[in-house]
Amino acid sequence: MSTRVVGTAGHVDHGKSTLITALTGTDPDRLREERERGMTIDLGFAWMTAPSGTEIGFVDVPGHQDFIRNMLAGIGSIDAVILVIAADEGVMPQTREHLAILGLLGIERGVIALTKRDLVDDEWATLVSADIRVALAGTPLATAPLVEVSAAKRTGLDRLVATLEETLGAAPPRRDTGRPRLPIDRAFTMTGFGTVVTGTLLDGTFAVGDEVAAIPGGAHGRIRGLQTHRQPLETARPGSRVAVNLTGIEKDDVARGMVLARPGSIRDTSLLTLQLIPVRGAIPLAQDEEVKVHVGTAETMARASFLEDDEALASGGAAWVQLRLATPVAAAVGDRLVVRRPSPSETIGGGVIADVSAKRLRRRAETVADLERRAAPSPASRLLASLDELRTPSEAAERSGLDAAARDTAVAEVVADGSAVRLGDALISRAGYEGFAAHVERISAQTHRRAPLRVGVPREEARSALGLAAKRFTALVARLVADGRVAERGSALALPDHVVRLGADDESRWARARAALAAVPLQPPDVGQLESEYGIGRELLAALAERGDVVRVGTDAAFLPDAVVRFADAVVAELESARTITVGRARDLTGSSRKHVLPLLQYLDDEGLTRRQGDDRILLLAPDAARTRIRALTTSREGHR
Ligand SMILES: Nc1nc2c(ncn2[C@@H]2O[C@H](COP(=O)(O)OP(=O)(O)OP(=O)(O)O)[C@@H](O)[C@H]2O)c(=O)[nH]1
Ligand SMILES: [Mg+2]
């Protein structure tokens, strides 16, 4: 059994509440003042079970302009509307304003009820109906069915219900994104129960026992009980009218305009960005004008900042604006809002919220172009517009107002066609990735220029320059290396064609040092002596090692590659025949010293040729493999000499 929510709309006194009473048996005007004045002031609620079994919850709204804020609080999340027009009066100012509001809120389904049919003759009724069609032209209700009714004589009611059912049958099911939210339209206490809030549940289900918070404000509590149309239930479905009994939240902590949701699932904001669609005939919105914004069941004062230049505004059409709210509201991308002028009272326009991040935007053509892309119709293009920065799929989906299913399809699409790139848990547009790539190339080039002796920019330095989390940076580097844009050199990053180049001074220092190393290949001067006696600093030594001119062995020693090979060959030959070798034997065999042999043997261990066993070393590789390996290790990298 499905439940649907239907709202009324129409000019004051045209018979909305009387019609709801006639349909449901419940008078939606429950306030004493309403009954005394014979007019609706605040929202009224009633329900019926249609012949098909559909449960229809009605939200009855006031027609009087003084209470339009209440109308706006009730009309937002309905499936269809009954637009009530009295046959004796026809289309009136509030008929038009309500019609405009329905359009702004995207309510496109409805039935026109021509009420008080008993008060007019057939000819008049025909005239009024024709008039109504003219007023509806160009609105979403232009082709809505019209049913003549009289609540007084109870005529046309069955036909109205049947037509309404047909209209509701064509309405799409309510979406369930797993993020339930209930824009609160009433909050009160009930003796024996405590705090109760009501509203139309959106985007997900609520169950008894659920933890919830009221936003803004943040009061936390639990759902103690749920009802739809006075029937208790365990789980409430999206698109149903729900009364929620709360524990842990006081009546004073909740009010119309707040949203009840799972803690942490929604945020409030004081800045809403949208393309404002103006109402035909209204005085246009002015820069910085103080207006009233109605979103969900909330209303707040706000000031408008235009994001378009004067030329674009002069056309008087839709315009991108940011609304700076006096008090925050809990709203999401994709929600609709209405902007009204407090005085003279009129609806200025409204539209679909495109951004809720609290970022003030500049009045520029690029700003508008970006917003337009993000508001684009295809889920993939909307997602892509949110990937100007690294964002997780769920962050991007929230920004672009996509539900989980649309998000997953869109992510697969943009990754497959290469318009976005995945970096760890996040995605970024191709342009954003190119930006990162260019940044890494730039700082690598800078390092090569400023410190020609260094192999490249340390990874950590590059990571912090880009401001990326470790995993995302690792993924970026892997991708850049795969694309051949940078090369990894130990723990540094370099441009692939970068070669360490020594200046003439360095080369002549190295020539002297080289001669000293070659004079006693297996007892060469240590790193300290190379620096003090030959001017080979640590950085120059690293560059020479990178170039393949020396082999660093441990922290204090450096040998010519040939010396290392000679030493290794001697050790391998001995191991081939004797199976083990001691430090003393290695020293004697190579004519070296204990001081030099210790780090060399350690080097062979570290490179996986040998392993220490007590005082002995044993060979880990086949002798020929060991000989090949040591040559590979000590040969300079291709193209670097
Ligand atoms: N003769 C006749 N009178 C009707 C009919 N329906 C409503 N009325 C009368 O019209 C007056 C206004 O009816 P309401 O139902 O209060 O009108 P409303 O549209 O709810 O008015 P607001 O809520 O104030 O906007 C009442 O006096 C009703 O008795 C009808 O079908 N025939
Ligand atoms: Mg009424």
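The values are calculated or read from the model by the stated rules, or taken from the named source; none is laboratory data. The model shown is predicted, which means the values in this text are computed figures rather than measured ones. When we count neighbours, we look across all protein chains shown, and the Cβ atoms used for this are built from the backbone with ideal geometry, even at glycine. Surface areas here come from the heavy atoms of the whole protein model, side chains and all, with no ligands, DNA or RNA. Shrake-Rupley method; radii C 1.70, N 1.55, O 1.52, S 1.80 Å.
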Taking the inverse of the average 1/r across all pairs of different Cα atoms in segment 155-277, what Kirkwood radius in Å do you get? 15.7 Å
Express in % the proportion of alpha carbon pairs of the chain at distances exceeding 39 Å. 52 percent
Using only Cα atoms, find the angle between the long axis of helix 538-547 and the longest principal axis of the chain, and express it within 0 to 90 degrees, rounded to the nearest 10. 90 degrees
Net charge within 12 Å of LEU146 by Cβ-Cβ distance, Lys/Arg positive one each and Asp/Glu negative one each, not counting LEU146 itself? +1
Give, to the nearest whole percent, the P(r) tail of segment 37-136 beyond 23 angstrom, counting all Cα pairs. 32 percent
Gyration tensor (Cα) of segment 317-396, equivalent ellipsoid semi-axes in angstrom: 25, 14, 13
When we measure straight from the Cα of LYS595, which aspartates and glutamates land under 12 angstrom away, once same-chain ones fewer than 8 places off are left out? ASP526, ASP556
Charge dipole (the chain, unit charges on Cβ, about Cα centre) - positive-most of THR409, ALA478, LEU99: ALA478
At a threshold of 8 angstrom on Cα-Cα distance, excluding pairs fewer than six apart, so keeping six or more, what relative contact order does segment 166-304 reach in percent? 25 percent
Segment 227-282, Kirkwood Rh and Cα Rg, ratio Rg/Rh at 1.10
Can you find, among ASN70, GLN227, VAL520, the residue sitting farthest towards the positive end of the charge dipole of the chain, where Lys and Arg contribute +1 and Asp and Glu -1 at Cβ? VAL520
Cα axis of helix 93-104 to longest principal axis of the chain: angle in degrees, 0 to 90, nearest 10? 20 degrees
Work through the residues other than ARG449 whose Cβ is under 12 Å from its Cβ and net out their charges, Lys, Arg +1 and Asp, Glu -1. +4
Kirkwood hydrodynamic radius of segment 479-560, Cα pairs, Å: 13.8 Å
How would you order 571-583, 70-82 from highest to lowest mean count of nearby Cβ atoms within 10 Å? 70-82, 571-583
Where does segment 517-641 land on the Kirkwood hydrodynamic radius, alpha-carbon pairs, in angstrom? 14.8 Å
Would you mind computing, in nm to one decimal, how far apart the modelled labels at GLU533 and THR191 are, each placed 7 Å from Cα along Cα→Cβ? 10.4 nm
If r is the Cβ-Cβ distance from ILE41 to ALA326 and R0 is 35 Å, what FRET efficiency results, to the nearest 0.05? 0.90
If the reach is capped at under 12 angstrom between alpha carbons, list the aspartates and glutamates near LYS16, excluding any in the same chain fewer than eight residues apart. ASP27, ASP29, ASP60
Roughly what angle does helix 430-450 make with the longest principal axis of the chain, taking Cα atoms, 0 to 90 degrees, to the nearest 10? 30 degrees
Size of the dipole of the chain about the Cα centre, Lys and Arg at +1 and Asp and Glu at -1 on the beta carbon, nothing else charged, in debye to 20? 1800 debye
Alpha-carbon gyration tensor eigenvalues x 5, square-rooted, for segment 264-349, Å: 22, 14, 11
Mind putting a number on the dipole of segment 527-641 about its Cα centre? Charges go on the C-beta only, +1 for Lys and Arg and -1 for Asp and Glu, and I need it in Debye to the nearest 20. 160 debye
If I compute solvent accessible area with a 1.4 Å probe over the protein chains, what percent of it on the chain is carbon and sulfur? 50 percent
tail above 15 Å in the computed P(r) of segment 132-179, as % of all Cα-Cα pairs, reads 62 percent
